[in-house]
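Novice: To start, I am sharing the structure in question, which I have written as structure tokens.
The values are calculated or read from the model by the stated rules, or taken from the named source; none is laboratory data. Remember, predicted model here, so these are calculated numbers, not experimental data. Neighbour counts are summed over all protein chains in view; Cβ atoms, including those assigned to glycine, are modelled from backbone coordinates with ideal geometry.
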Amino acid sequence: MNKPLPIIIDTDPGQDDAVAILLALASPELEVLGITAVAGNVPLALTEKNARKICELAGRPDVKVHAGAIRPMVRSLVTAEEVHGKTGLDGPVLPEPAMTLQDQHAVDYLVETLMARPAGTITLCTLGPLTNIALALVREPRIASRIKQIVAMGGGYFEGGNVTPSAEFNIYVDPHAARLVFEAGIPLTLIPLDCTHQALTTAKRVEAFRAMNNKSGPATAAMLDFFERFDENKYGTDGGPLHDPCVVAWLLQPELFEGKLVNVSVECESELTMGMTVVDWWRVTKRAPNATVLRNVNAEGFFRLLTERISKLP
Ligand code: RIB
Ligand code: CA
């Protein structure tokens, strides 16, 4: 097997973030160098704690978890307790984490790690608002040319938005950060709602987790039982979209996904369309392509991968 791909996961757990972290920790193709928490689904004090809870659930208290931005760069923080519950990880009963939070701020950790390691070797997997990444780029612009790639869950175009009619949550919470990151010239793969809305946590798929004879499987089922109810009611579907694990699954099996290199620009002025990701899918403008935008996923293959990997966890 090739050397594992070094990744840093930037995240706002969130049940779907949690499943993405479990998938990454269960996959020997990846080396999780560290996890950086950001305010998003719930405030930072909860997202960093939830990240530590998930590392311990996966039997990985060795993973370094760093707390980052407590709020977006410009706008006030908007959270999503209505989706994720007041803890951000409602569903399973998980013990308070024994592993400690790292003292180093996430932004300093990102800069230090990217400057210390060989250029072009680290992949950033972003599962929440892009505040930490943007702040790191402002703090040390030289990291832009040292990041191998960013794989980000965020945005929506054909599917519209999920927090407003035009904006997806991760981008809406910090549109200025998203614009800065999208314009930084870093190789970017964007996984928007257009793709993640095809990855539904149907009853049959959730039962596969519940039936596992380990802790991680039933805990995943309990997370999804809670997480999916909001979107099931909203969209009238069997299950809800499992957004963030698509980021890790793309790294593991990119053939499960389809997309193309186009320009994505972020609305940061109009309150009506704040945070909208304007995807030039048909290349009708002269705006330079800056992201491979994924539009389709093989949902059966995605859940096969997820189930197979999570069954291997403690
Ligand atoms: O819009 C979905 C995204 O917002 C996911 O990353 C979810 O965890 C929330 O952060
Ligand atoms: Ca998230």
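Novice: Mind checking which helices (runs of 4 or more DSSP H) fall wholly inside segment 110-182 and carry at least 1 residues that are away from ligand 1 (no atom under 15 Å from the Cβ) and in contact with a helix residue (DSSP H, G or I) (Cβ under 8 Å, 6 or more places away or on another chain)? Break it down stepwise before answering.
Specialist: On the way: elements: 131-139, 169-173, 175-182.
Hits in segment 110-182: 131-139, 175-182.
Novice: Could you list all residues from segment 202-239 that are closer than 16 Å to residue 307 by Cα and within 15 Å of ligand 2 (Cβ to nearest atom)?
Specialist: Those that are closer than 16 Å to residue 307 by Cα and within 15 Å of ligand 2 (Cβ to nearest atom): 223, 224.
Novice: Could you tell me which of the residues 182, 209, 230 is modelled with pLDDT of 95 or more, hydrophobic (A, V, I, L, M, F, W, C) and over 30 Å from residue 145 (Cα atoms)?
Specialist: Matching residue, one of 182, 209, 230: 209.
Novice: Any chance segment 33-49 includes a residue that's more than 16 Å from ligand 1 (Cβ to nearest atom), part of a helix (DSSP H, G or I), at pLDDT 95 or above and basic (Lys, Arg)? Spell out the reasoning first.
Specialist: If we filter segment 33-49 for residues that are more than 16 Å from ligand 1 (Cβ to nearest atom), which is where we start, we get 33-34, 45.
Filter once more, keeping what is part of a helix (DSSP H, G or I): 45.
From what is left, the residues that are at pLDDT 95 or above are 45.
From the residues that got through so far, the ones that are basic (Lys, Arg) too are none.
No, that holds for no residue.
Novice: Then there is this: Sort through 23, 44 and tell me the only one that's surrounded by 17 or more Cβ atoms within 10 Å (Cβ to Cβ) and farther than 27 Å from residue 138 by Cβ.
Specialist: On the way: 44 fails: farther than 27 Å from residue 138 by Cβ.
Step by step, each of 23, 44 is checked, and only 23 is surrounded by 17 or more Cβ atoms within 10 Å (Cβ to Cβ) and farther than 27 Å from residue 138 by Cβ.
Novice: Are any of the residues in segment 211-229 buried (at least 16 other Cβ atoms within 10 Å of the Cβ), assigned to a helix (DSSP H, G or I) and polar (S, T, N, Q)?
Specialist: Yes, segment 211-229 contains at least one residue that is buried (at least 16 other Cβ atoms within 10 Å of the Cβ), assigned to a helix (DSSP H, G or I) and polar (S, T, N, Q).
Novice: Any residue in segment 69-78 that is β-branched (Val, Ile, Thr), in contact (Cβ under 8 Å) with a residue 12 or more places away in the chain, assigned to a loop (DSSP other than H, G, I, E, B) and over 25 Å from residue 199 (Cβ atoms)?
Specialist: Kept after step one, since they are β-branched (Val, Ile, Thr), are these residues of segment 69-78: 70, 74, 78.
Subsequent filtering for residues that are in contact (Cβ under 8 Å) with a residue 12 or more places away in the chain retains 70, 74, 78.
Adding the requirement that they be assigned to a loop (DSSP other than H, G, I, E, B) leaves 70, 74, 78.
Cutting the leftovers down to over 25 Å from residue 199 (Cβ atoms) gives us 70, 74.
Within segment 69-78, one or more residues are β-branched (Val, Ile, Thr), in contact (Cβ under 8 Å) with a residue 12 or more places away in the chain, assigned to a loop (DSSP other than H, G, I, E, B) and over 25 Å from residue 199 (Cβ atoms).
Novice: Here's another thing I want to ask about it. So, in segment 247-264, of the ones that are in contact with a Phe, Trp or Tyr (Cβ under 7 Å, 6 or more places away or on another chain) and within 22 Å of residue 277 (Cα to Cα), which residue ends up nearest to ligand 2 (Cβ to nearest atom)? Reasoning before the result, please.
Specialist: Step one: filter segment 247-264 for residues in contact with a Phe, Trp or Tyr (Cβ under 7 Å, 6 or more places away or on another chain), giving 249-250, 256-257, 262, 264.
Still in the running and within 22 Å of residue 277 (Cα to Cα): 250, 257, 262, 264.
Working: 250: 15, 257: 18, 262: 23, 264: 18 Å.
Going through the qualifying residues, I end up with 250.
Novice: Scanning segment 1-26 for residues that are outside any helix (DSSP H, G or I) and under 19 Å from residue 218 (Cα atoms), which turns out nearest to ligand 1 (Cβ to nearest atom)? I'd like the intermediate steps shown before the answer.
Specialist: First, the residues of segment 1-26 that are outside any helix (DSSP H, G or I): 1-14, 26.
Remaining after also requiring under 19 Å from residue 218 (Cα atoms): 13-14, 26.
Working: 13: 8, 14: 4, 26: 19 Å.
Result: 14.
Novice: Then there is this: Report, by residue number, each residue of segment 258-313 that is of a type in the set (Gly, Ala, Ser) and over 20 Å from residue 176 (Cα atoms).
Specialist: At the first step, the residues of segment 258-313 found to be of a type in the set (Gly, Ala, Ser) are 259, 265, 270, 275, 288, 291, 299, 301, 311.
If the condition is that a residue be of a type in the set (Gly, Ala, Ser) and over 20 Å from residue 176 (Cα atoms), then 259, 299, 301, 311 are the ones that fit.
Novice: In segment 157-171, how many residues are within 16 Å of ligand 2 (Cβ to nearest atom) and more than 14 Å from the chain's Cα centre (by Cα)? Working first, answer last.
Specialist: Quick first cut of segment 157-171, residues within 16 Å of ligand 2 (Cβ to nearest atom) only: 161-163, 167-171.
Add one more test, that the residue is more than 14 Å from the chain's Cα centre (by Cα), and what stays is 161-163, 167.
Going through segment 157-171 one residue at a time, the tally reaches 4.
Novice: Could you tell me how many of the residues in segment 121-144 are closer than 27 Å to residue 4 by Cβ, of a type outside the set (Lys, Arg) and free of Cβ contacts under 8 Å to residues at least 40 places away in the same chain?
Specialist: 3
Novice: Right, next: On the given criteria, is residue 130 within 16 Å of ligand 2 (Cβ to nearest atom), more than 20 Å from residue 63 (Cβ to Cβ) and surrounded by 23 or more Cβ atoms within 10 Å (Cβ to Cβ)? Reasoning before the result, please.
Specialist: Working: within 16 Å of ligand 2 (Cβ to nearest atom): yes; more than 20 Å from residue 63 (Cβ to Cβ): yes; surrounded by 23 or more Cβ atoms within 10 Å (Cβ to Cβ): yes.
The answer is yes for residue 130.
Novice: If you don't mind, another one. For segment 10-39, name all the residues that are more than 12 Å from residue 58 (Cβ to Cβ) and within 12 Å of ligand 2 (Cβ to nearest atom). Spell out the reasoning first.
Specialist: Filtering segment 10-39 for residues more than 12 Å from residue 58 (Cβ to Cβ) gives 10-17, 28-31, 33-34, 36-39.
Within segment 10-39, 10, 11, 12, 13, 14, 15, 16, 17, 37, 38, 39 qualify.
Novice: Report yes if some residue within segment 7-17 is among the hydroxyl-bearing types (Ser, Thr, Tyr) and surrounded by fewer than 24 Cβ atoms within 10 Å (Cβ to Cβ); otherwise report no.
Specialist: Restricting attention to segment 7-17, the residues satisfying the condition of being among the hydroxyl-bearing types (Ser, Thr, Tyr) are 11.
If we keep only those that are surrounded by fewer than 24 Cβ atoms within 10 Å (Cβ to Cβ) too, we end up with none.
No, segment 7-17 contains no residue that is among the hydroxyl-bearing types (Ser, Thr, Tyr) and surrounded by fewer than 24 Cβ atoms within 10 Å (Cβ to Cβ).
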